[in-house]
Amino acid sequence: MTIRDARPKDADAVADIWNHIIRDTAATFTTLEKTPQDLIADIAAKQAEGKAFLVVEQAGQVAGFATYFQFRGGPGYRHTMEHTIHIAPQAQGQGLGRDLMIALEDHARATGVHSLFAGVSGDNPGGVGFHAALGYREIARLPQVGRKFERWMDLVLMQKIL
């Protein structure tokens, strides 16, 4: 297993992982799939801003990714970030997500991030459990704020002070 900064050549693999999550799960509320071109731009933008966009490789293949971005706009929130992490289905349950989150948190901490948020679908109890095991605490549950698959879903906000 290798954790490293994402590169433009990773965009296809990241899109495959992310688009499966978008199309087939309730882990995200979005229905808009990611294109490799959008991801190349996002990777470059995050890195130019000093934020991480990391991938984890297993057997030479991208098996997951994680990134973070400012939680809300404005300078008062510059030390508070929200993250996204997704692991390919075939690579889940092997500790890759935990190791990737540790690397993401280390990067965030080194750049002055104080607080890291996870916005987890209430229909994703595995995601809630994953974050809780890493020390994230549920601080809010926003009822019925997301809609996907013809149903309303809760958003669980979880926070970790770095």
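Each row is one residue, and each column tells you yes or no for (1) within 25 Å of residue 32 (Cα to Cα); (2) in contact with a Ser or Thr (Cβ under 7 Å, 6 or more places away or on another chain); (3) among the acidic types (Asp, Glu).
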position	(1), (2), (3)
122	yes, no, no
129	no, no, no
135	no, no, no
140	no, no, no
144	yes, no, no
153	yes, yes, no
156	yes, no, no
159	no, yes, no
Yes or no: residue 55 within 14 Å of residue 101 (Cα to Cα), of a type outside the set (Phe, Trp, Tyr) and in contact with a helix residue (DSSP H, G or I) (Cβ under 8 Å, 6 or more places away or on another chain)?
yes
When only residues in segment 1-17 that are under 15 Å from residue 67 (Cα atoms) and out of contact with any strand residue (DSSP E or B) (no Cβ under 6 Å at 6 or more places or on another chain) count, which is surrounded by the most Cβ atoms within 10 Å (Cβ to Cβ)?
11
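In segment 136-144, is there at least one residue being surrounded by fewer than 17 Cβ atoms within 10 Å (Cβ to Cβ), under 14 Å from residue 71 (Cβ atoms) and of a type in the set (A, V, I, L, M, F, W, C)?
First, pick out the residues of segment 136-144 that are surrounded by fewer than 17 Cβ atoms within 10 Å (Cβ to Cβ): 137-144.
When the remaining residues are screened for being under 14 Å from residue 71 (Cβ atoms), the result is 139-140.
From what's left, of a type in the set (A, V, I, L, M, F, W, C): 139-140.
Within segment 136-144, one or more residues are surrounded by fewer than 17 Cβ atoms within 10 Å (Cβ to Cβ), under 14 Å from residue 71 (Cβ atoms) and of a type in the set (A, V, I, L, M, F, W, C).
If you go through segment 127-148 one residue at a time, how many are of a type in the set (A, V, I, L, M) and assigned to a helix (DSSP H, G or I)?
Narrowing segment 127-148 to residues of a type in the set (A, V, I, L, M): 128, 132-134, 139-140, 142, 145.
Subset that is assigned to a helix (DSSP H, G or I): 128, 132-133.
Residues meeting the conditions: 3.
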Condition broken by residue 119, with the remaining ones in (1) surrounded by fewer than 14 Cβ atoms within 10 Å (Cβ to Cβ); (2) touching a residue at least 12 places away in the same chain (Cβ under 8 Å); (3) under 20 Å from residue 24 (Cβ atoms) satisfied:
(1)
Aromatic (Phe, Trp, Tyr), within 27 Å of residue 153 (Cα to Cα) and part of a loop (DSSP other than H, G, I, E, B) - does that describe any residue in segment 5-20?
no
For segment 154-162, indicate whether the set of residues that are without any contact (Cβ under 8 Å) to a residue 40 or more places away in the chain, crowded, with 20+ Cβ neighbours inside 10 Å and at negative phi is non-empty.
yes
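Rule-based calculations on the coordinates, nothing more; no lab input. These figures come from a predicted structure and were not determined experimentally. So basically every Cβ, Gly included, is an ideal-geometry build from the backbone, and we count neighbours across all protein chains shown.
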